[in-house]
Structure formats: structure tokens, C-alpha cells
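Presented below is the structure to which this report refers.
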Amino acid sequence: MDQSIQRALNDKIYDKRKLGALDLERVIRDHVANKDFDKIKKIIQQLCNDFAYQVNAPNARNGGLIGLAGAAIALGPELARYLDEIVPPVLACFTDQDARVRYYACESMYNIAKVAKGEVLPYFNDIFDALCKLGADSELSVKNGAELLDRLIKDIVSESAATYVSVLHTAEEKSDVDQETPEQSIDYPTAFSLRLFIPLLKERIAVINPFTRTFLVSWIILLDSIPDLELVTYLPEFLAGLFRFLSDPNRDVHVATRGSMDRFLTEIKRITRIKKGIEESRKSRSEDRRKKDHSIDSTGSMLLEGEVDDEAFSGEEDDVSSDDDWVPGQDAQINYKEVLEILATNLDRPYEEEGLLETLRWIAEFLDICPEEVLPFTPKVLAHLLPAMANSVDSIRSAATRVNSRLMDYVISLSDDVPSAPSRIPTSVLKDPSGGEQKESLTNPRTSLSNSRELDSPTPPPQRSTAPTPVPTSTPPTQVDLDYAAAVNSLTLLFLNDHEATRVAALGWLLMLHKKAPKKVLAFNDGTFPALLKTLSDPAEAVVTKDLQLLSQISRNSGDDYFSSFMENLLQLFSTDRKLLEARGNLIIRQLCVSLSPERIYRTLADCIEKEEDLEFASIMVQNLNNNLITAPQLADLRKRLRNLETKDGQVFFVALFRSWCYNAVATFSLCLLAQAYEQAYNLLQIIGELEMTVNMLIQIDKLVQLLESPVFTYLRMHLLEPEKHPHLYKCMYGLLMLLPQSSAFAALKNRLNSVSAIGYLHIAPRAYVSQSRNSSVAEAISTFSSTTSTSTNPLISHQRKKSSTESYSSTSTTANAAPSTFDRSSRLKGRDEGGIRWGELLEKFKSVQEKARRAQQLDIDGGFDGLRPGDGLDVTGFKENARLSQGPPPPAKDVPSPSAPSIPKPKPSKFGRLGGGRPKR
């Protein structure tokens, strides 16, 4: 360069540097006209080395930048061959510390790009990186210059990125192409490479500056708007960054990001719809071709071979022409797997509300677009989707619920036997022993019919295997099955979640999965079963109910061994967690009886309790089971079955319960009352009278008396109206009265018995006047005496006297209808003892169990417990207060049994003498 031009470019004043650049521009134009390219190259190298790269001389750098811009303008069409020398020094000035240098660098690059246009695209990554930094520059002038340059580059990219090929590539390869393949068209690489740009975008997407984020989103929207680039193919590379942009506090960033994501989602829908349409059209054409081939094969003997081939080839040509119709988007490949991986990961990240809502929206859209692609990610999605259902934000909670509902509906809609679909293909191959059409039959199960026709035909069909088939034969897509093991594990871990809605939803999924494929869920249920049992201790009742439904469903579809194991583990859980037994024992038992067979549950639990070594727990468990047996509406049928001891099943069931119920004396007594085995109940009551009365036993008797007034025991109260038919029932009731202290329960039972005593006499009294024997006067006297003492304060003596007078008369009467009045029940029990229930063995079992319990209690007393003292367990004060409130009848002077009643056995004084019927004298 001339010295004058060099001095002008080094000047501090901008106008002088501009004049120097104009002079340089005229010089370079002359060299271009003379084609003195070597001189031009030397001038450019001088501008770079002596001016643009002078870091410590800002004026020289400014002069070099404006000189390079002038040289680029002067070169015009010849600029492409010098861009490798011109662009790098300008890019280096973008990072200068002086803001004026950065601004002049933007100005210089603007002028260079304006002349070069598409030729600047090979340097797009470097320019984009520089603009990404300048967009967040602290100097406003620099930001404005960068914005102008950014607009120009966007215009160039939108016009030329998809198709522009650099002139340097065409010039270098044109001669080689003409020599080697003169008749073939060669696809030259475009100047812009999206594949090379994506790593830079992936790196820059992690920025946090709002201006830079806005800059990146604007470029993403621009590149996505160019149809031939197919930016959606690389969506997984920067999708996670876009989700992070949604949580930016800057409103402009949020709006721009939301718009870009909407564009991508719409494009994915469009591409998926196009691909499915093309696939369906190919399938339909393939089926039409097969039908045409079958028709040709069937009429092959009537047509010439050449005509058949001509028709086939003409049809194939039509298919080729139809396949040549290109639709925008049909070649775009969307990586659904990586996109769904990002969406599933986003559910677990602490994004703001907008980010989580957008993630849920994308998952819901993917369930509509391609649900088969979402299925493999179901375990991972569920692990984070169900906790979102308990989010404090209503919009997130409702969105998560919608996604959960859609996903569950899709899983339910899947066929249970997925592998059975492709299994039909090999069967057609086995039926075809000839190898000519075996390859076709492997891909098409519909050809089995034609193969069978070929075997039956005497002449071989026309050979068309050498004919080209441009349209590939479509094979049925293999359906991806759900990973049940991973799904069960993910759902099981959600049992530890703090929110009730999440735990309920997890159990709902397990219920659905087990109902859909019980074998697959049971295969991995060994690790899940302890978690399900532990969930029974959940504080939320809805969770416990769902858990019980799942356990019942698993047990219902399993064998007896699994059911027995479930009952044993349940008892073990109750044994270790007594609070659970007290708080949720009744709920658990009743819910299980709703879902499963109550008899099966009670039989299995009875067998397990009979083997229980912890006598205290066995007594408590029997008490709970017995209370539910009496009061639960779900067990009404079971109570009816217990009252029918005439059948073999009823007897076996009663015996099974009785043997385990022996651990609790009051429960065993109430079981006999339920089964209407009043004589056995009376025998048990005699044994109970010899036991030590504890507070717990008195409380149970008190509750039993209250239950006797409930609708469940209506039949028992009606039986009190038939004393001659159920004599031992009266003994049972009066025995309970004798065991109780004078409390509210004592008063209630006494009132009930007093109310039926007179009615019982009315039923018995008319029979005393039927006979005309010689003992009629004696019977009349006894009846009169009974009627005069029926208002006595001691109901036990009055009832025994009425019974004695009636039975004495019955034993001496000659009529036939009064003879079996006291023998009926005992004869029935004897019959049962001979053919079914062995009552004596059951009594011995009861005695042995109670003796075992007494010994265990005695060992505890010998180990440091001094026995029951007033105030330690028995509420003596309460009982004394009740005694004062309810005045009992005075004790009789002497209880003399009637000599005319030999059929009623005389009770031993030791049976009821422990607690007595009245108060002692003070």
C-alpha cells in the first residue's frame, strides 16, 4: 500500500481513516480489473498483519477493520477466494477490550457479509459465537451494531442456508466431475451445515443471560422456519435448555421460548401424521398388489405369461410414480426416545410452575401422537408423575391427573398377549413345504391361502420371483410391551411418598397392572409383598383400603399356599404392631371379607391362630375376629351359616372356629350362642365360672350383654319365648347374670330376663290343665304356687320352680305330646356327637387351652407380679358404685330344688358360687 494510505488508516480521526479506506478501495478495484490477484493478496495480508492484529494500537486496528471492509467492497464477486484472510482478523477484533474496536468490527463484518452473502455461511459458527457474546455487551453502541449484523446474517441464512453451495467448491470439483462422471449429477455440500452448528447451540443453550437467551431462541425459531433444514431432527440436543428458559424471570424470554416450543410440538404432530399416512397408503397398495397377484395366479392358466408380466410391471410402475410424490416432512427423523427421556427427567427437576406444566403438556401430546413410544418410559414417568398429582398448585395437579388418566387408559387398552401376534407367521411357513414362496410367507401371513392353492394345483404357477418390487413389503410392527418389573418397582417406591394422593395413585396403578397381567406382576411380587403389608400401617384410610383391595386381588388369583402365607404375615404384622391391630384391625378384616371369601379368611386365620404360641395375642386376635363376626354387615352370610349346624360344612366350619376360639373364653361362649349350641354354651359357662375373673374378661362379658340387645341376636331373644324347646338358653343367660357384678350390664340383662319370665310361664301353664290324671291336683297346686311367686325378686328361683313344676307334671302325664319337652335338645346334641361334632372333645380342648393360659399367667405372677390387687386392674370402685345404683334381689334363705324335676341336672354350687347372685350382708 502507498504510504499515504497507511498514514490515513493509522490516523485517530475517523473521517481520515474513511478517506484512506476509499483510496484503498479504488486501488484494489484497479487490481481486480487488471486481474493482479497476487498484489491484492499482499495488500490484504498487510492490512491484517500491520493493522488488524495490532492489539496495542487501537487506531491501527480501527484502520485495518475499515480497510478490510473497503477491500471486500472493492473485490465484489472475487471476494470468496480472499475470505479466509479477511474474516479471521475481523472476528478477533470482536473480543477487543476497547468498545470502539468491537463496534468497528461489527461494522466491518456487516459490510463484508453484505458483499459476500452466501459465501459467508462457512464462517457462520464463528460469527454466531461472536454475536452470542456481543448480544450481552455492556456498551449500548456495540449491542446496536451486533443487532444490525445479526439481522443481516439472519437474512442470508433464511435465503441461502438450505441450498447455497460455495463457488470455491464448485470451481474445484467441476473439472474432476466432468472428467470422471460427465453424465451424472453430483450433490455438492452446502455452505451452511446444521450438523456442525448443533454442538455450538448445545453449548450456548446453557447460558443464563436473558439477552443471550432471547438471541438463541430467535435463531432457533428462524432455523426451524426453514423447511429443508429439519431442525426438529436435532431437537433433543437443545430441548432441555428450552425448558430451563421457561423459568426465566424475563417475560420476553418466556414468551419467545413458549412460542418456539409450540412450533416444535406442532411440527412433530404434522410429521408423525404424514409418516403414518404414508405407511397406511403403502400398506393399502401392498394389499391391493397381493390381491391382484392372487387373482393372476388363479387365472394364470387362462392368460399368457407375457401378458401377466406386462400387467404386473404396469401396476408396479404406477406404484413407483405414486411413491415419487414427495411430501414436506416425510424424510424428517424424530428421535422420540431421546425427547421422552428429557421429558421424564424434567419431571424430577425443580423447575418452576411453567416448566413443569409444559413438560406435562408435552407428555400428554405425545400420548396422542405416538403412545407406543411413551410406553417404554412408563416406569420412569410414573415415578415423577404421581408425586406431581399432589402438587400444591392446582394447575399442575390437574395436568398431572390428566396425564395419569391418559397413560392408564392406554395401558389398559393394550392387548394382554402381545407375543401371540407374530407367532402366526411361522405357522404358514410350516404349512408350505416348497421353498419357492417361503420368503414371501415369512413377511406376509396372508399368502398362506395362495400357497395352499398352489399345492393343490397340478401345474406350477408362473414364476415371477425375479421381478423387481420397488415397494417393500410392510411387516406388522412389533408392539412394545410394558416393563412390568420396572413399573412395579417404581410404584412400590412411591409408598414412601409423603402425600396421600400419590400413594393412592400408586396402589391404583398396581391394582390395574395386576388385573391386566397377574402373572407378570406376581413374578416380581416377592419384593413388593412386604411393602404392601407395611402399607397397612399407613395413617390414611384411603391408602389402607386400596392396599387391601390389591392384596385381596393378588390372593384371589393365587393358590392356597400364597393365601396362607398372606394370612400368616398379616397375623405376624398384627402381633408386632399392636397399635395397628387396635386402630385398623377391624377395617382390615372387614375390607378383606368384602374382597375375598369370608369363610376362607376365617378358616385360614383360625388355623394360624391355633398354632400361635403367644397366648395373649391369640386371645386378643380371637376377640377382634369374634367382634367382627358378630357385628360386621359383611359377615351376615357367615353368621347364617353358623346357625345351620345340621349340614356337614356348617359343622366343619364351627369346629374349626371353636378350636381357635378357645384362646378367649367369652368369644367361645358367644360363638356357641351364634351357632345356637346352647347346651354347649352352658357347659362352657360352667368351666368359665371356675376361671379367675379378670377385668378384661368382665369387660368382654359386659360387651357381650350389650351385643345380646343388638339385632344380630334377635333370634336368640325370640328363643327365650320357648323355654321348653331351649332350656339351656335360660341357664346361659342366668349364668351370665351370675358372673356379672351389679352394673349397668347386669341391670340390662336382668330386665330382659324379667320381661320374658311371665311370657315363658304363659307358654308352660296351659299344659298343666290338659291331663285328667290323678296328679292333676298336684300340678295345679304347683302352678298356683309358681304364679304367686312369679313377682319374686329372685328371677332364677322363680324360673327354676316353674320349670320344675311343669317338668314334674310332664313326667307323670300319660299324654304323648308332653313327653319330649326336656329331652329334645339333648337328643339332638347326642345325634350330632355321633355323626358330626364331638362336643366332648371340644370341651376338653377348651379346658386344655384355658389351663395353658392359666399356667402362663401363673408364671408371669411368679416372675414378679403379685397378683390382682384393688386398683391394679379391676375397677372395684366402679363396680361398687354400680351396685349401689342398681339394687339387686336379696339372696334366698335356701335354694331347695323341686323333687319332681329329675330331668334337669342340679348345678354344682362351685360353678356359680364364686361371684354370687346378690350382695353379701354387711
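Observations
- If the condition is being more than 14 Å from Asn683 (Cα to Cα) and open to solvent by less than 60 Å² (accessible area, probe 1.4 Å), then the range 834-849 contributes Gly836, Ile837, Val849.
- Taken together, the residues in the range 570-596 that are exposed (fewer than 15 other Cβ atoms within 10 Å of the Cβ) and either polar (S, T, N, Q) or not in a helix (DSSP H, G or I) (or both) amount to 2.
- Residue list for the range 187-204, restricted to those being open to solvent by 20 Å² or more (accessible area, probe 1.4 Å), of a type outside the set (Ser, Thr, Tyr) and over 16 Å from Val217 (Cα atoms): Asp187, Pro189, Arg195, Leu196
Matching residues to (1) more than 24 Å from Ile268 (Cα to Cα); (2) under 42 Å from the mean Cα position of the chain (by Cα):
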{"position": "Tyr188", "(1), (2)": "yes, no"}
{"position": "Pro199", "(1), (2)": "no, yes"}
{"position": "Val207", "(1), (2)": "yes, yes"}
{"position": "Phe211", "(1), (2)": "yes, no"}
{"position": "Ser218", "(1), (2)": "no, yes"}
{"position": "Ser225", "(1), (2)": "no, yes"}
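- Failed item, numbered, when Val55 is tested on (1) among the β-branched types (Val, Ile, Thr); (2) outside any helix (DSSP H, G or I); (3) open to solvent by less than 10 Å² (accessible area, probe 1.4 Å): (3)
- Failed condition for Gln97, given (1) in a loop (DSSP other than H, G, I, E, B); (2) within 20 Å of Thr212 (Cα to Cα); (3) touching a residue at least 12 places away in the same chain (Cβ under 8 Å): (3)
So that you can scan it fast, the table gives a plain yes or no per residue for (1) open to solvent by less than 10 Å² (accessible area, probe 1.4 Å); (2) at pLDDT below 50; (3) touching a helix residue (DSSP H, G or I) at 6+ places or on another chain (Cβ under 6 Å); (4) outside any helix (DSSP H, G or I):
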site: Met718; (1), (2), (3), (4): no, no, no, no
site: His728; (1), (2), (3), (4): no, no, yes, no
site: Leu737; (1), (2), (3), (4): yes, no, yes, no
site: Leu749; (1), (2), (3), (4): yes, no, yes, no
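- Of the candidates Leu698, Leu707, Leu685, Leu673, the single residue that is surrounded by fewer than 19 Cβ atoms within 10 Å (Cβ to Cβ), in a helix (DSSP H, G or I) and not small (Gly, Ala, Ser) is Leu707.
- Whichever residue in the range 7-32 is among the basic types (Lys, Arg) and touching a residue at least 24 places away in the same chain (Cβ under 8 Å) and, among such residues, is most open to solvent (accessible area, probe 1.4 Å): Lys12
- Selection from the range 350-376 of residues that are outside any helix (DSSP H, G or I) and touching a residue at least 60 places away in the same chain (Cβ under 8 Å): Tyr351, Glu352, Cys370
- Looking only at the range 205-226, and only at residues there that are closer than 17 Å to Ala161 by Cβ and among the hydroxyl-bearing types (Ser, Thr, Tyr), the one that is surrounded by the most Cβ atoms within 10 Å (Cβ to Cβ): Ser218
- Any hit, the range 544-561, residues being modelled with pLDDT of 90 or more and out of contact with any Leu (no Cβ under 7 Å at 6 or more places or on another chain): yes
- The range 512-521: number of residues that are among the hydrophobic types (A, V, I, L, M, F, W, C) and open to solvent by 20 Å² or more (accessible area, probe 1.4 Å): 1
- If the condition is being free of Cβ contacts under 8 Å to residues at least 40 places away in the same chain, closer than 17 Å to Ile601 by Cα and open to solvent by 10 Å² or more (accessible area, probe 1.4 Å), then the range 630-656 contributes Pro633, Ala636, Asp637, Lys640, Asp649, Val652.
- Within the range 597-629, tally of residues that are assigned to a helix (DSSP H, G or I), open to solvent by less than 60 Å² (accessible area, probe 1.4 Å) and not aliphatic (A, V, I, L, M): 13
- Each residue in the range 529-546 was checked for being part of a helix (DSSP H, G or I), touching a Lys or Arg at 6+ places or on another chain (Cβ under 9 Å) and open to solvent by less than 30 Å² (accessible area, probe 1.4 Å), and 3 of them qualify.
- Any hit, the range 620-643, residues being of a type in the set (Gly, Ala, Ser) and at pLDDT below 90: no
The values are calculated or read from the model by the stated rules, or taken from the named source; none is laboratory data. Treat the numbers as computed from the prediction; the structure is a model and nothing was measured. A quick note on method: Cβ atoms are made from the backbone with ideal geometry, for glycine too, and the neighbour counts reach across all protein chains shown. Protein only, heavy atoms only, side chains kept; ligands, DNA and RNA dropped before computing areas. Shrake-Rupley method; radii C 1.70, N 1.55, O 1.52, S 1.80 Å.
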